Amino acid sequence: MSAAQAVEAVFRIESARIIASVARVVRDVGIAEEIAQDALVAALEQWPRTGVPDRPGAWLMTTAKHRAIDLVRRKETYARKLAEVGRSLEDVPPPAEPADPQDIDDDLLRLIFTACHPVLATEARIALTLRLMGGLTTQEIARAFLTSEATVAQRIVRAKRALAKAGVPFEVPYGADRDARLSSVLEVIYLVFNEGYAATAGDDLVRPALCEDALRLARVLAALMPEEPEVHGLAALLEFQASRIATRTGPAGEPVLLADQNRARWNRMLIHRGARALGRAGRGPYSVQAAIAGCHAAAVRYEDTDWSRIAALYGRLVQLLPSPVVELNRAVAVSMAEGPQAALPLVDALAGEPALRAYHLLPSVRGDLLERLGRTEEARAEFERAASLTRNAQERILLLARAARL
């Protein structure tokens, strides 16, 4: 491995910690990322000449911290000079705040809560989190979400400006604000994983790299917040779901339905990790979803799945998270536990939901129920409608094949 490759590899691993540590000094994530990038450039200049240090991560961290301290000192010196003539500088970093017993002194945790602040739009939170916490480049984020580099770059720049303009403190919230802020963090990680697990558009059904990034973030968060049950609930959910990724597609990238997946290829280590995290989970929405995923993971064969328990868990989830999509998932579980005739009225009741008007899984589920009831012509029409609604090429191929078979 060349020195340049070593720099890039180490920076990808250490960038989040470096940015988080520097942000605590300068109190601005945008400036912190710039300083971290400066340290990267310094390494690219020096390591090819001097060799890779014994502790490359520590070298980058020390270089970045020195630059951050120099910046603060320059600002403070300038502020003192202005004060001498009766003026002040507004952007001087504030003095350290007194420690609070409820505060969590961890820079990475501060960075996660800052990048996922609710003042930012969802797309901006996702892009900034992947950039700062995941270490992804603008190009990688754009490729993952099938958008242009310019769009992603603009989102990140605007997000940094919005945080600075809103004066968002670089801290872990506590008290009443903490639950709301934590839900924002969990939502970002969940959305990133879901986009990797079932891509909304493009030629690939699964994007494993995104799932890996989200799973890593969930594990980091669980380690940083061990007393938060819902954090463990999300971690458990993602561990269980990730265990099946290798079997969700065939050799040509085609979707493989749950009933047809080779369960011998499910990752038992991830299932074990999921079960362990589920043991520390609570009763919130992510924890209930994790329990559902755990039911699937526990079934050695598809026929062994405890659909009655899954249907009951979905009933609990509907109460916690009222949503037409959750209702649709519950209908699928009911169809497996009690038969398609019991589930069809539940699906038909969702037909008028505005949120599901362009949701391809509604006609897909209805088509499956109608096929099982022997109403093949109606089923074929539903599969064709579902194919017209999906933006994912692999899902479209599968749905058209099901329609053609009928």
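Taking every residue in segment 194-217 that is more than 21 Å from ALA358 (Cα to Cα) and of a type outside the set (A, V, I, L, M) and pairing it with any residue that is modelled with pLDDT under 85 and not in a helix (DSSP H, G or I), at least 6 positions away or on another chain, the pairs with Cβ-Cβ distances below 8 Å are ARG207/ALA199; ASP213/GLY134; ASP213/LEU136; ARG216/GLY134. Could you check segment 83-122 and list, in sequence order, the residues that are modelled with pLDDT of 50 or more and in contact with an Asp or Glu (Cβ under 9 Å, 6 or more places away or on another chain)? Hits for segment 83-122 are ARG110, PHE113, THR114, CYS116, THR122. Pairs linking a residue in segment 163-174 that is part of a loop (DSSP other than H, G, I, E, B) to a residue that is open to solvent by 60 Å² or more (accessible area, probe 1.4 Å), with Cβ atoms under 6 Å and 6 or more positions apart or on different chains, are PHE170/ARG27; TYR174/GLN102.
Based on this model, can you work out whether ASN267 counts as closer than 17 Å to ALA242 by Cβ, polar (S, T, N, Q) and surrounded by fewer than 15 Cβ atoms within 10 Å (Cβ to Cβ)? Walk me through it before giving the result.
Values: closer than 17 Å to ALA242 by Cβ: yes; polar (S, T, N, Q): yes; surrounded by fewer than 15 Cβ atoms within 10 Å (Cβ to Cβ): no.
No: the conditions fail for ASN267.
Does TYR314 fit the bill of being within 18 Å of ARG396 (Cα to Cα) and either touching a Gly at 6+ places or on another chain (Cβ under 7 Å) or aromatic (Phe, Trp, Tyr) (or both)? Steps first, please.
Numbers: within 18 Å of ARG396 (Cα to Cα): no; either touching a Gly at 6+ places or on another chain (Cβ under 7 Å) or aromatic (Phe, Trp, Tyr) (or both): yes.
Criteria not met by TYR314.
Examine segment 380-388 for a residue that is open to solvent by 50 Å² or more (accessible area, probe 1.4 Å), touching a helix residue (DSSP H, G or I) at 6+ places or on another chain (Cβ under 7 Å), farther than 24 Å from VAL326 by Cβ and modelled with pLDDT of 95 or more, and state whether such a residue exists. Looking through segment 380-388, at least one residue is open to solvent by 50 Å² or more (accessible area, probe 1.4 Å), touching a helix residue (DSSP H, G or I) at 6+ places or on another chain (Cβ under 7 Å), farther than 24 Å from VAL326 by Cβ and modelled with pLDDT of 95 or more.
Among the listed residues ARG178, ARG125, ARG143, identify the single one that is open to solvent by less than 50 Å² (accessible area, probe 1.4 Å), modelled with pLDDT under 90 and charged (D, E, K, R).
Working: ARG125 fails: modelled with pLDDT under 90; ARG143 fails: open to solvent by less than 50 Å² (accessible area, probe 1.4 Å).
ARG178 is the lone residue from the list that is open to solvent by less than 50 Å² (accessible area, probe 1.4 Å), modelled with pLDDT under 90 and charged (D, E, K, R).
The set of residues from segment 162-208 being closer than 17 Å to GLU230 by Cα and either of a type in the set (Asp, Glu) or in contact with a strand residue (DSSP E or B) (Cβ under 8 Å, 6 or more places away or on another chain) (or both) comprises ASP177, ASP179, GLU187. Here is the figure for segment 305-337: residues that are open to solvent by 60 Å² or more (accessible area, probe 1.4 Å) and touching a residue at least 24 places away in the same chain (Cβ under 8 Å) total 5.
The values are calculated or read from the model by the stated rules, or taken from the named source; none is laboratory data. This one's a predicted model, so the numbers in the text were calculated from it and none came from an experiment. Backbone-built Cβ (ideal geometry, glycine too); neighbour counts: all protein chains shown. Quick note on the areas: whole protein, heavy atoms, side chains included, nothing else; ligands and nucleic acids left out. Shrake-Rupley method; radii C 1.70, N 1.55, O 1.52, S 1.80 Å.
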